[in-house]
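Since the structure comes first, as structure tokens, the remarks are kept for the end.
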Amino acid sequence: MNAKAIAIVLAGGQSPSLWPKSTIKIPKQFLHFVGDGSLLQNTVKRISNIFDKENIFVATIKEFVPLVEEQLPELPKGNIICEPFPKNTLPCVSLALTQLSTQTNEDTVVVLFPSDHHIANLGEFYQTLEVAIDFTYERDAIVAIGVTPTRPETHYGYIQVDRNPNGLGEYFNKGIRYSKTFAEKPDYESARRFLSTGEFLWNTGIYVMKISTFWNTLKVCSYEIFNYFTILKKLVGRPQFEQAVMETFKQIQSQSIDTGIMERTRNVYALESSFSWSDVGTWDEIYRLSLKDAENNYLVGDVIALDTRNCLIQIQEKTIAAIGVEDLLVIDSNNALLICKRGLSDRVGEIVAYLRRKNADPLL
């Protein structure tokens, strides 16, 4: 790579989609589902092949700092960016780059990674990152990494692209595309339509830009947040910085980087890639990613399965026997058991919402 780059791994989320394994206290990025370690450990290990250890930072909330330290003992403690409480990804990234403003220059390229995704075809993944870093450094642009969709998915975001090569030079052949629109999670018919047009990519949530580009874009697209963090920058390294961060987070609105920047700026390009990617967002997706037995089952724990097919069954401390069942997701945790028909796990969030209404905090 021609440009110095840093990575920020966003690890403060509390997704309910993989309940009952994923909880408020230990969300999915700190759990093992695929690969050798937790999703966070796998993410950091994956990007360690392209970023030096001192250039990898993890942004998380205060409650999760001990989990990050436990799972990533090799990460310097100064490389953990601590939010006082979650306000979504735009304030999170703004805080991280504010805190790092005394250690980096504004020409440094920053790559933002979700902490809880799964990626294969790593050679192509690394080539994609190198192209994105070089392009953003040369063009002062933002690049959103997209992958070619293989099926209509309703729990992924999409990027609509324009494959006009004008003005892109050699980068067109390397996958750079003009972006037209960002679409949040569509319904099934819309997802089918997206695929049929051939104009849409899955949005991996990996964004690449120079630090100066981030601040310039934030100023135009979300000036209120820009103003708060411009004030905070003046306090970095001073005793009052931590308290000022707390007061700032109390006042600013929760906002994602997608809605706060990506959907508002015209300076964002897409990089069309085809490495294998998943957001590991539902139990159906975990079943899809898993290695299955001869009956197409993925069984974890002490499971006795007779005439059982196409099931995911994860058991912790007890024995479970299944006879003559098909197409089920059965997930056991310390204090809850989920039984769900395959294809319906995107409704797990409804169970979580119900438990919240009932103030069933021990189950969450």
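The values are calculated or read from the model by the stated rules, or taken from the named source; none is laboratory data. Computed from a predicted structure; not experimentally measured. Reconstructed Cβ throughout: ideal geometry from the backbone, glycine too, with neighbour counts over all protein chains shown. Accessible surface is based on the protein model in full, side chains and every heavy atom, while ligands, DNA and RNA are left aside. Shrake-Rupley method; radii C 1.70, N 1.55, O 1.52, S 1.80 Å.
Taking the criterion of being modelled with pLDDT of 95 or more and either of a type in the set (G, A, S) or part of a helix (DSSP H, G or I) (or both), the residues of the stretch 66-88 that qualify are P66, L67, V68, E69, E70, Q71, N79. Of all residues being surrounded by fewer than 22 Cβ atoms within 10 Å (Cβ to Cβ) and free of Cβ contacts under 8 Å to residues at least 40 places away in the same chain in the stretch 7-37, which is farthest from V93 (Cα to Cα)? Just the residue, please. It comes out as D36. Taken together, V147, V245 contain a single residue that is closer than 21 Å to Q99 by Cα and either open to solvent by less than 60 Å² (accessible area, probe 1.4 Å) or in contact with a strand residue (DSSP E or B) (Cβ under 7 Å, 6 or more places away or on another chain) (or both), which is V245. Of the residues making up the stretch 215-257, those that are assigned to a loop (DSSP other than H, G, I, E, B) and either among the hydroxyl-bearing types (S, T, Y) or touching a helix residue (DSSP H, G or I) at 6+ places or on another chain (Cβ under 7 Å) (or both) are S222, L235, V236, I252, S254, Q255, S256.
The residue of the stretch 101-114 that is nearest to the chain's Cα centre (by Cα), among those that are surrounded by fewer than 18 Cβ atoms within 10 Å (Cβ to Cβ) and either in a strand (DSSP E or B) or of a type in the set (S, T, Y) (or both), is T104. Within the stretch 310-364, the residues that satisfy the criterion of being in a strand (DSSP E or B), in contact with a Leu (Cβ under 6 Å, 6 or more places away or on another chain) and surrounded by 11 or more Cβ atoms within 10 Å (Cβ to Cβ) are L312, I313, L329, I331, C340.
Examine the stretch 166-188 for a residue that is in a helix (DSSP H, G or I), modelled with pLDDT under 95 and surrounded by fewer than 20 Cβ atoms within 10 Å (Cβ to Cβ), and state whether such a residue exists. The answer is yes; a qualifying residue exists.
Scan the stretch 127-138 and tell me whether some residue there is more than 23 Å from W277 (Cβ to Cβ) and surrounded by fewer than 24 Cβ atoms within 10 Å (Cβ to Cβ). Looking for residues that are more than 23 Å from W277 (Cβ to Cβ) and surrounded by fewer than 24 Cβ atoms within 10 Å (Cβ to Cβ), one finds at least one in the stretch 127-138, hence yes.
When S212 is tested against (1) open to solvent by 40 Å² or more (accessible area, probe 1.4 Å); (2) part of a helix (DSSP H, G or I); (3) closer than 30 Å to D140 by Cα, only condition (1) is not met. Flag set for T98, criterion: open to solvent by less than 40 Å² (accessible area, probe 1.4 Å), over 26 Å from N121 (Cα atoms) and of a type in the set (S, T, Y).
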